[in-house]
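Here's the structure we're looking at; comments come further down.
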Amino acid sequence: MANTKLYTVIYVVLFVFATAQVAIEGMSLGFELAVGLIIGLSVVKAVLVAGYYQHLFTEPRSVTYVVLSGLLTALALTFAASYSIT
Amino acid sequence: MSVLVGLTVQTFGTSAPPATVILQGQSRTMSEVFPHLFSIFLVLGTLVGIVVLSYMVYVAVRYRADGETDELKDSPQLGELPEGGGDGRKLAVSLTLSAIIVIALISYAWFLLMGVEGGPPEVSGEPNSDKPLSVTVVGEQFAWKYIYPNGNSSYTLRVPDDRPIELTITSSDVMHTYGIPKYDLKTDAIPAQNTTTWFNPDETETVEANCYELCGTGHSEMTSEVIIMDGAEFDRWYAQTTSDATPTPNESTTEGAHAMDHPQSRLAHNHVLV
Amino acid sequence: MSDDRSTDESAVQPDGGHASRPLAEPTSKQSTLRRFFTRDDLPPYGALRRWLLTTNHKDVGVLYVVTALLFLVFGGVLALLMRIELLTPVGDFLSADGYNQTVSTHGLIMVFWFLSPFAFGFANYIVPLQIGAKDLAFPRLNALSYWLYLFSGILLGLSFFQGGSFSGGWTMYAPLSVPNYMPQIGSTTTILALTLFVISVTVSSVNFLTTMHRMRAPGLTLRRMPLFTWSILLTVWMMLFAFAALLAALLILSSDRILGTTYFTAEGTPGSLLWTHLFWFFGHPEVYIVFFPALGAMAEMFQTFTGRRLVGRKWFIVSMLLVALQSFLVWMHHMFLTSINLQIKTLFMITTIGISLPFDLMVFSLIYTMVKGRLRFTTPFLFAFGSLFVFIIGGITGVFLGAVVLDYQLRGTYWVVAHFHYVMVSGVMALVGALYYWYPKLTGRMYNRRLGKLSFWLFFAGFNLLYFPMFIAWETPRRVFDYPAELTGFHQLATVGGFLLGFAFLLVIWNCYRSLWDGETVSSNPWAHATTAEWAIPSPPPLENFPGMPSYESGSLDFLDRETASTDGGTVTKPTPSSHDGHDSHASPWPLGISIGSFVLFLGLSGVATGGIYVPITIVGGGLLAVTLLGFGLESFSVTEPAVAERWPFAGIENGKLGVWIFLASDIVLFGAFVGSYVFLRAGYGWEAWKIVPHNPIPGLINTYILLTSSFCVVLALVAAQKGRRWGVVAGLTTTLLLGIAFLINKGIEWIELFHHNIWLSTDVQASTFFLTTGLHGLHVVLGLVIVLYMIPRALNGAYLDDERPVEYFGLYWHFVDIVWLFLFPLFYIL
Ligand SMILES: [Cu+2]
Ligand SMILES: [Cu+2]
């Protein structure tokens, strides 16, 4: 499990993606495209950290479901509440 | 139980319009819809309640242990792994029945909701008196302030009896809920938000508006008068009001004997115990 | 659904996350320190010290039940004050503000400090017995939950002496709850007391979930769990997520009150709607959280006293499961009168009706269980039967409220009051039944049967006399003391019923008290036809519950000799001997200490903005908390995990790690609710019109780099620990510490810069959300650094070389904090 090389590669990728997010903001893409890209990059980074650094990819799948159910709960609140605004 | 039945009869006794009236026409006020639907729910609810509860009591009496037949065949044993007790069919049938009742009722309620949400009927004819009157209601600790289209404001609501009244409700401080029980009308007064409701006054009378959301010390006393006037009389009254007649909470611009004090002054009556 | 069963070789499990297996260096300085902090012996029952130190689940259960009953008396007295006021249709007994405080505190106490804790008293006592566990997974955390609960309640009581308690109703609607409208310190105290209570609940949820998922007797698969245990399992899952949303709401409200943020009052944003969303997102699941345990207890009593197995047991469980899931998708039915749009109203009307149908099934299932049974109307069954009876009325009247049009008019009236008391107090009735049902097990004695039956009839009569007239007088607006005079008669009836019900409660308590001495002693199973495991062991059960290892492998309960237990999977490894003689610890002073520290800290925080005496109180509280936490961490407290157990679906990971993950899941909801609040306010404000607070994203980007690097260092520390490299671990952790400090310094500079530009927490809603959300994240960083600071000296001693789990658990937390930042950064700095 002690795969230092893999961890290092992931670290570099995370670093680059964080920089890219600020760069994207600088480029004048459309607002929606920029939001999509930036949030998309955040999601990828989060999956990398959770999957490798927190070992979710190798833990029993049920642990991932616990995490996802928390996430789903938060998303339900966020989107339904925002959608309800008249 | 008999109390509930009595209540049902009493509710039916009120002027609930017959179902046919309800089913026609697009837009309906809450005072048309609510008594009608409430009595349907009450009758069905009472009926279902009586049937289920009587059955429960019947079963309790019928199968109570009498000390003679002591043991059942195949009674559960200590330490056994739990199992179900069969009878799944009966369960499914009961569930389906109750689901049908509930879903039918709720669908009907939703259909009626659409009528209320539709707002006052569109006016096609010209006569000015058919156009709805729009009044803004502002909840403030602890009174209701009414603002008319011409800018006049008052702590008493005066409305004509010959046209629909549209209310836009908001609050200048905390959350309140505005309600006129006589017209089965109620909606939240929320700071920085507008809610709307409407009603169709039909007789000249004075009724009361209440607050239904806890809003502070004066909540219990946060009432106001709603005076329903003859249409022509209202128009005469309205014509002589102006926008600068903004009242301070302690006096009312309206001249009549019903003029209402701002409720804050009434709080003094209460003993201080806690 | 496969039934996994693991033979866990590491039988000794640290409790609470950080403490690791005792080291084999008895002479080291650390061990002396640890011995100093350790109080391992459990005093006898008679001694007060036992009740202060115990971590045993049965003792804690009894403490919960007794404390909850005390709060019942408190809340009940408040209710009677209200009923006296309502004898006349005008305000003449309490002051207007006094009435509001009474209404609010009555609601808060009954919902939070009585109902759930009462149920969790039984859960504490009975669930481990029913699943065949010796104790909960983390016994010290269980004691901690209890003491936090008790002290949060005391804090609530104190609020009355700080210029008046909270007076905005148990729903605490904003902006009435902010200092503009409610300036008393006591209101802040109430909110902080509830926050402390939520912390207790979260600790308890993590504990119960770990226990119930990982410590079931062999053969006791999830679907074969007794119904009471099932109801608790689902309750705790709901609690884990629902209370996290409430915690977010309370933290935001506390911040609006203490730090001056403007979430609920800012111009141009739907602040008061934000509160209703957050509160009811918690509030509706809460209805089931308080009712499910009662339902589970009812099911147990129905089976025992009808002598029949529950009809449609499988569907009963499926129904509860559906309700638990769907409970998170109905909250806006409390907001039908607000300005939410018609589409969402329709949607929530449908989900609301949908959630009522499973209850129909459960009710029918209970009724049909009686058919062809041999019903024995003992006191517990009378209460269970009565509870079902009134629950049906509560359910039918609830359907009225689901129809939006009826809700438009019924809302804010006594119809709602009557309905939810019919439902909630039906739950109380079932739990009083549960108290009688399990009383012989808890005490070894039978209650007085005649007095028991009398108490039921008084209870039932009082209940209906109290709440039924409210349906008839439904036109009374809620929370007023000034109601239409023609309804006076009904309210007077209700008051009479209220006193009758109060008397019935006292009779129940008296019966339980007297019977401790007078009751006849009972055998292990005084109820014929009780099937669950708690009835197979003596009343009351011995300290470690079972005479051998409980197992259902043969199809029914057996107690196997622990040493020779074997499974089809091979033989069981004997528990590795620990520094103790392999026995579990049952006592610790630290849960009580931590709770006292938190209590003092929160009391200080309530008035810290006003200065004065509150500042030193805050400091003393903080210091006390730090010392007691250290004591908790250093104490050597050993708990054995069962060698063989049903662990679906978490067979692959150990208790500690599962606990951390479950906690993180609730933390996800906490942060989710903060981010959700931000998105909601921003959407209400106009997404693009919203201006980002930081002037440029570079400090944020640097902090992203710092956190990513620190995460990488923790990973390296873990790798080093696995490879047994002491200095690698120390280096990894130390770098993490330094990077964390750098993160905070960088953030500090950024904040000071903003303050210089006159941007404060209270400036506008943009600044409020920015400072509070990133501040909460910063607090998580600080907490992480405290843990690292604790770990580094231990790493120097080589503590993590043969057991790297603490490093791994800390990593899980630290990476989570990192991930949160990965989202906060774009949301608050870029977009
Ligand atoms: Cu009010
Ligand atoms: Cu609800």
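The values are calculated or read from the model by the stated rules, or taken from the named source; none is laboratory data. Source: prediction; values computed, not measured. Because the Cβ atoms are built from the backbone with ideal geometry, glycine has one as well, and the counts that use them run over all protein chains shown. Remember, those area values only see protein heavy atoms, side chains included, never the ligands or the DNA or RNA. Shrake-Rupley method; radii C 1.70, N 1.55, O 1.52, S 1.80 Å.
Going through (1) in a loop (DSSP other than H, G, I, E, B); (2) touching a Lys or Arg at 6+ places or on another chain (Cβ under 8 Å) one by one, residue C:766 falls short only on (1). Residues that are farther than 24 Å from residue C:180 by Cα, at the interface with another protein chain (Cβ under 9 Å from one of its Cβ atoms) and more than 16 Å from ligand 2 (Cβ to nearest atom) are absent from segment B:226-234. For the criterion of being surrounded by fewer than 24 Cβ atoms within 10 Å (Cβ to Cβ), at the interface with another protein chain (Cβ under 10 Å from one of its Cβ atoms), β-branched (Val, Ile, Thr) and in contact (Cβ under 8 Å) with a residue 60 or more places away in the chain, residue C:369 fails. Taking residues in segment C:214-225 that are assigned to a loop (DSSP other than H, G, I, E, B), and partners anywhere that are polar (S, T, N, Q), the pairs with Cβ atoms closer than 6 Å and at least 6 places apart or on different chains are C:217/C:551; C:218/C:551; C:219/C:551.
Conditions (1) surrounded by 23 or more Cβ atoms within 10 Å (Cβ to Cβ); (2) of a type in the set (A, V, I, L, M); (3) in contact with a Lys or Arg (Cβ under 8 Å, 6 or more places away or on another chain), marked per residue:
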residue	(1), (2), (3)
C:221	no, no, no
C:225	yes, yes, yes
C:229	yes, no, no
C:239	yes, yes, no
C:252	yes, yes, no
C:255	no, no, no
C:258	no, yes, no
C:282	yes, no, no
C:289	yes, yes, no
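Of all residues in segment C:167-185, those that are of a type outside the set (A, V, I, L, M, F, W, C) and crowded, with 24+ Cβ neighbours inside 10 Å total 4. Scanning segment C:320-340 for residues that are away from ligand 2 (no atom under 16 Å from the Cβ) and surrounded by fewer than 22 Cβ atoms within 10 Å (Cβ to Cβ) yields a count of 2. The condition (being touching a Phe, Trp or Tyr at 6+ places or on another chain (Cβ under 7 Å), in a helix (DSSP H, G or I) and either at pLDDT below 95 or at the interface with chain B (Cβ under 7 Å from one of its Cβ atoms) (or both)) is satisfied by just one residue among C:314, C:345: C:345.
Does residue C:316 meet the test of being away from ligand 2 (no atom under 16 Å from the Cβ) and either on the phi > 0 side of the Ramachandran plot or among the aromatic types (Phe, Trp, Tyr) (or both)? Yes: the conditions hold for residue C:316. Of the residues making up segment C:73-95, those that are open to solvent by 10 Å² or more (accessible area, probe 1.4 Å), of a type outside the set (D, E, K, R) and either more than 24 Å from residue C:482 (Cα to Cα) or within 12 Å of another protein chain (Cβ to nearest Cβ) (or both) number 11. If we keep just the residues of segment C:347-365 that are of a type in the set (S, T, N, Q) and in contact (Cβ under 8 Å) with a residue 40 or more places away in the chain, which is nearest to ligand 1 (Cβ to nearest atom)? Within segment C:347-365, the match that is nearest to ligand 1 (Cβ to nearest atom) is C:352. Taking segment C:318-339 as the range and being within 14 Å of chain A (Cβ to nearest Cβ) and touching a residue at least 60 places away in the same chain (Cβ under 8 Å) as the test, the residues that pass are C:321, C:324, C:327, C:328, C:333, C:335, C:336, C:337, C:338, C:339. Candidates in segment B:176-185 are the residues that are without any contact (Cβ under 8 Å) to a residue 60 or more places away in the chain and open to solvent by less than 20 Å² (accessible area, probe 1.4 Å); of these, the one that is nearest to the other protein chains (Cβ to nearest Cβ) is B:177.
If you go through segment B:55-104 and keep only what is in contact (Cβ under 8 Å) with a residue 12 or more places away in the chain, of a type in the set (Ser, Thr, Tyr) and surrounded by fewer than 17 Cβ atoms within 10 Å (Cβ to Cβ), you end up with nothing.
Does residue C:191 meet the test of being open to solvent by 10 Å² or more (accessible area, probe 1.4 Å) and either in a helix (DSSP H, G or I) or in contact with a strand residue (DSSP E or B) (Cβ under 8 Å, 6 or more places away or on another chain) (or both)? It is false that residue C:191 is open to solvent by 10 Å² or more (accessible area, probe 1.4 Å) and either in a helix (DSSP H, G or I) or in contact with a strand residue (DSSP E or B) (Cβ under 8 Å, 6 or more places away or on another chain) (or both).
Would you confirm, using the coordinates I've provided, whether residue C:792 is in contact with a helix residue (DSSP H, G or I) (Cβ under 9 Å, 6 or more places away or on another chain), in a loop (DSSP other than H, G, I, E, B) and more than 14 Å from chain A (Cβ to nearest Cβ)? So residue C:792 does not fit the description; no. Residue count for segment B:53-67 under the criterion of being in a helix (DSSP H, G or I) and aromatic (Phe, Trp, Tyr): the result is 2. For segment C:383-397, the tally of residues that are facing chain B (nearest Cβ under 10 Å) and either open to solvent by 10 Å² or more (accessible area, probe 1.4 Å) or closer than 15 Å to residue B:64 by Cα (or both) stands at 7.
Could you check, for segment C:651-659, whether at least one of its residues is touching an Asp or Glu at 6+ places or on another chain (Cβ under 8 Å) and open to solvent by less than 10 Å² (accessible area, probe 1.4 Å)? Yes, segment C:651-659 has at least one match.
Filter segment B:145-175 down to the residues that are within 14 Å of chain C (Cβ to nearest Cβ), in a loop (DSSP other than H, G, I, E, B) and open to solvent by less than 10 Å² (accessible area, probe 1.4 Å) and list them by number. Passing the criteria: B:174, B:175. Select, from B:157, B:97, the only residue that is away from ligand 1 (no atom under 16 Å from the Cβ), in the same structural domain as residue B:231 (by TED's automatic domain parsing) and out of contact with any Pro (no Cβ under 9 Å at 6 or more places or on another chain). One residue alone meets the criteria, B:157. Scanning segment B:181-231 for residues that are among the small types (Gly, Ala, Ser), closer than 21 Å to residue C:334 by Cα and within 13 Å of ligand 1 (Cβ to nearest atom) yields B:189, B:216.
Here is a yes/no grid of residues against (1) within 9 Å of chain C (Cβ to nearest Cβ); (2) touching a residue at least 12 places away in the same chain (Cβ under 8 Å):
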| site | (1), (2) |
| --- | --- |
| A:3 | yes, no |
| A:6 | no, yes |
| A:21 | yes, yes |
| A:25 | yes, yes |
| A:31 | yes, no |
| A:39 | yes, no |
| A:49 | yes, yes |
| A:52 | yes, yes |
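Residue count for segment B:36-54 under the criterion of being open to solvent by 20 Å² or more (accessible area, probe 1.4 Å) and more than 22 Å from residue C:391 (Cα to Cα): the result is 0. Residue count for segment C:260-270, restricted to those that are within 14 Å of chain B (Cβ to nearest Cβ) and either open to solvent by 10 Å² or more (accessible area, probe 1.4 Å) or over 15 Å from residue C:681 (Cα atoms) (or both): 5. Residue C:162 falls short of the stated requirement of being crowded, with 23+ Cβ neighbours inside 10 Å and polar (S, T, N, Q).
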